[in-house]
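The structure appears right after this line, and notes come after that.
The values are calculated or read from the model by the stated rules, or taken from the named source; none is laboratory data. Predicted model, so just to flag it, every value in this text is computed and none were measured. Glycine also receives a Cβ, built like all others from the backbone with ideal geometry; neighbour counts cover every protein chain displayed. Note: accessible area is taken over every heavy atom of the protein model, side chains too, but ligands, DNA and RNA are not part of it. Shrake-Rupley method; radii C 1.70, N 1.55, O 1.52, S 1.80 Å.
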Amino acid sequence: SAPAADLRCQGDLMTPGTIMTKVRAKCGEPKWEDRVGEITVVRDGGERLLYITEMTYEVSGGYYVLTFEGGELKKTEYYQQ
């Protein structure tokens with residue numbers, strides 16, 4: 001598995017909890033974006049379907065893979081080429 005590492009865009013760290021729209025606004029469009037799954041969560045007595053999306057950014061000879069659940073950043077991994 002890849003080490004966890006936070007992506008920095010325009011001076012801001014993209015840490016868990018950051019919403020997808022902020023990542024796009026700060027980092028631009030990803031090199032790749034894929035919906036990789038979905039989960040159902042139960043909150044306040046109701047079920048909600050959340051899509052799991054991966055956005056990949058190419059930075060400094062490596063790749064940051066950001067995994068979102070329902071539009072909220074859950075984890076970031078860094079891979080070197």
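With respect to residue 22, determine if the residue is touching a strand residue (DSSP E or B) at 6+ places or on another chain (Cβ under 7 Å) and without any contact (Cβ under 8 Å) to a residue 60 or more places away in the chain. For residue 22, the condition - touching a strand residue (DSSP E or B) at 6+ places or on another chain (Cβ under 7 Å) and without any contact (Cβ under 8 Å) to a residue 60 or more places away in the chain - is not met.
Taking the range 45-81 as the range and being open to solvent by 80 Å² or more (accessible area, probe 1.4 Å) and under 15 Å from residue 13 (Cα atoms) as the test, the residues that pass are 74, 75. The residues of the range 1-44 that are of a type in the set (Asp, Glu), under 13 Å from residue 65 (Cα atoms) and surrounded by 14 or more Cβ atoms within 10 Å (Cβ to Cβ), listed by number, are 6, 33.
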